[in-house]
Every structure is written in C-alpha cells, then in structure tokens.
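For reference, the structure discussed in these notes is given below.
Throughout, read-outs are computed from the coordinates displayed, never taken from laboratory work. Everything numeric here is computed off the predicted structure, so don't read it as measured data. Heads up, the Cβs are rebuilt from the backbone with ideal geometry, glycines too, and the neighbour counts pull from every protein chain shown.
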Amino acid sequence: MLLVDDEDVVRRVAERALLRRGWQVLAAATGEESLELLAGEPPPRLVAVVADLILPGMDGIALVRAVRDRLGRPGLPAVLVSAYAGEGVRAALTEPGSGDTRFLAKPYDIKDLSSLLVELTL
C-alpha cells in the first residue's frame with residue numbers, strides 16, 4: 001500500500017500501525033515523492049492508496065489519479081483522509097472513473113483505517 005501524508009507524525013504512526021497489522025507500506029510525504037517510489041521497473045504491487053487530501057503540490061485526488069494512471073490500474077482502491085471535507089471530496093468520490101475511493105475523516109482511528117482497507121481489498 002502507498003501511504004502519503006505530509007504530517008510526519010501522522011505518517012509515521014499510521015505506517016507503524018499498519019505494518020503491525022501485516023500491511024506492506026510504502027510511505028511518502030508528498031505526491032511527487034510517492035510517484036518517485038513507483039518509478040522503478042517493475043513498479044511495486046500496490047493493494048491500495050491512502051493519501052491525505054491536502055498535500056503540498058499535488059493534492060490527494062490528483063495523486064490517486066496519477067498513481068492509477070501510472071500503474072494502469074483505474075480501479076486501484078483508495079482512501080482519502082482529511083480533517084476538511086467539502087464538496088470537492090464528495091464530487092471526487094462520485095465522478096466517473098473515480099474507482100473505489102473512500103473518505104475517512106481525520107483524526108482517524110487506525111482500526112477504522114485498517115477495517116476500511118480490508119473491505120476495499122477483499
């Protein structure tokens with residue numbers, strides 16, 4: 001899974017908790033950094049993307065689209081997380097081609113994130 005959050009503490013805590021639950025995690029602070037992690041040949045096999053909605057540079061919605069395009073996996077499950085949920089999030093979750101994208105409000109419980117990931121990846 002790809003985990004992208006620009007808040008170091010949030011990213012590190014989520015990464016450790018997900019690793020303890022058995023997930024393989026690639027973690028990055030920005031969308032651009034995360035795309036660099038996917039640049040290798042062959043690219044890593046991802047089961048999902050978890051991205052903060054508000055990131056410096058590329059936002060979470062654009063990042064999910066870019067990852068799906070880069071990997072040629074339009075249905076790759078994604079979870080957008082944020083303390084701010086507006087109309088843009090709702091629109092992004094329902095637009096054609098959005099694949100299986102869900103929203104989880106921050107602060108989130110890692111159990112909720114893990115349960116959502118299990119649901120999306122079954």
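Values as computed for the structure displayed
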| item | result |
| --- | --- |
| Residue within region 46-56 that is without any contact (Cβ under 8 Å) to a residue 40 or more places away in the chain and not hydrophobic (A, V, I, L, M, F, W, C) present | no |
| Residues located in region 7-31, provided they are surrounded by fewer than 16 Cβ atoms within 10 Å (Cβ to Cβ), in a helix (DSSP H, G or I) and of a type in the set (Asp, Glu) | 8 |
